[in-house]
């Protein structure tokens, strides 16, 4: 049985479901390879406009598979492992399609990084997201130092990462680490509802907005130039006049 299953929930929505019960969705090399294949296929599929990352188990992902890290004492081997892991991180970061993480149970270490690579994180009230890297003598990986700082600011990211903190449900929401905290049995429904909201908006404007948000802070000229190019594309598209017409006619737009 495959450890990763892709489900088509509705026209335009796909859900990548992690289901490796033997490791509680630990992000070992084989599991990451399956995720790269699944996400890659969804990103390339023009009919998929929103992606949900979910779990079929009690846990989202417990992080790296520590039982398979005893062969990394050679720095070259360790670096090669990280380069392999970065394939998945880069794939998620480069996706133009909006991604929603549906977090249940534990999302620890690299599992937290997988959630943070998504645009929106929905979390159950009893779920835990944590950054235990220092407790096993490691530094945060899976781009967490980058994604968490962009979510909550450098100051709060320091408190989470330097002290190897765990955050349960509402704590994660109050810290700004996750976007939506709901009852445990409502996580999947809430993620699907948000995906449906995204389908009602033009997919190309969402994709362009994601790219605008990727521009490094402090580079105003680059941001303005990218904004001008993106908006010019939108002006020339079919969705802009439809949006204006819908606004004037006081009806819901029918975006293409």
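The values are calculated or read from the model by the stated rules, or taken from the named source; none is laboratory data. This structure is a prediction, so every number in the text was calculated from the model and none was measured. Positions of Cβ are generated from backbone atoms using ideal geometry, with glycine treated the same way; all protein chains shown enter the neighbour counts.
Summed over segment 187-205, the residues that are touching a residue at least 24 places away in the same chain (Cβ under 8 Å) and within 18 Å of residue 9 (Cβ to Cβ) give a count of 13.
May I ask you to say which residue of 61, 84 is farther than 17 Å from residue 183 by Cβ, outside the structural domain of residue 214 (by TED's automatic domain parsing) and modelled with pLDDT under 90?
Details: 61 fails: modelled with pLDDT under 90.
Just a single option satisfies the conditions, and that option is 84.
A single entry from 127, 102, 117 fulfils the requirement of being in contact (Cβ under 8 Å) with a residue 40 or more places away in the chain, in the same structural domain as residue 62 (by TED's automatic domain parsing) and under 16 Å from the mean Cα position of the chain (by Cα): 102. Checked against (1) surrounded by 17 or more Cβ atoms within 10 Å (Cβ to Cβ); (2) in a helix (DSSP H, G or I); (3) touching a helix residue (DSSP H, G or I) at 6+ places or on another chain (Cβ under 9 Å), residue 31 passes all but condition (3). Could you go through segment 184-206 and let me know if any residue there is in contact with a strand residue (DSSP E or B) (Cβ under 7 Å, 6 or more places away or on another chain), surrounded by fewer than 19 Cβ atoms within 10 Å (Cβ to Cβ) and farther than 26 Å from residue 46 by Cα. Yes, segment 184-206 contains at least one residue that is in contact with a strand residue (DSSP E or B) (Cβ under 7 Å, 6 or more places away or on another chain), surrounded by fewer than 19 Cβ atoms within 10 Å (Cβ to Cβ) and farther than 26 Å from residue 46 by Cα.
Within this structure, residue 22 fails the test of being farther than 20 Å from residue 93 by Cβ, in contact with a helix residue (DSSP H, G or I) (Cβ under 7 Å, 6 or more places away or on another chain) and outside any helix (DSSP H, G or I). Listed conditions (1) surrounded by fewer than 21 Cβ atoms within 10 Å (Cβ to Cβ); (2) more than 30 Å from residue 201 (Cα to Cα); (3) at pLDDT below 95 are all met by residue 26, apart from (1).
If the requirement is being within 19 Å of the chain's Cα centre (by Cα), outside the structural domain of residue 130 (by TED's automatic domain parsing), assigned to a helix (DSSP H, G or I) and at negative phi, which of these qualifies: 207, 230? Let's see the steps before the verdict.
On the way: 230 fails: within 19 Å of the chain's Cα centre (by Cα).
Just one listed residue meets the conditions, 207.
Among the conditions (1) part of a loop (DSSP other than H, G, I, E, B); (2) buried (at least 17 other Cβ atoms within 10 Å of the Cβ), the only one that residue 218 does not satisfy is (2).
Restricted to helices (runs of 4 or more DSSP H) entirely inside segment 96-179, those with at least 1 residues that are surrounded by fewer than 18 Cβ atoms within 10 Å (Cβ to Cβ) and out of contact with any helix residue (DSSP H, G or I) (no Cβ under 6 Å at 6 or more places or on another chain) are 144-152, 154-162, 170-174.
Among the residues here, residue 255 qualifies as surrounded by 12 or more Cβ atoms within 10 Å (Cβ to Cβ), touching a helix residue (DSSP H, G or I) at 6+ places or on another chain (Cβ under 9 Å), under 27 Å from residue 101 (Cα atoms) and modelled with pLDDT under 90.
Evaluate the following for residue 36: is it in a strand (DSSP E or B), surrounded by 15 or more Cβ atoms within 10 Å (Cβ to Cβ) and in contact with a helix residue (DSSP H, G or I) (Cβ under 8 Å, 6 or more places away or on another chain)?
Values: in a strand (DSSP E or B): no; surrounded by 15 or more Cβ atoms within 10 Å (Cβ to Cβ): yes; in contact with a helix residue (DSSP H, G or I) (Cβ under 8 Å, 6 or more places away or on another chain): yes.
No: the conditions fail for residue 36.
Considering segment 40-59, and only residues there that are in contact (Cβ under 8 Å) with a residue 24 or more places away in the chain and out of contact with any strand residue (DSSP E or B) (no Cβ under 6 Å at 6 or more places or on another chain), the residue that is farthest from residue 85 (Cα to Cα) turns out to be 47.
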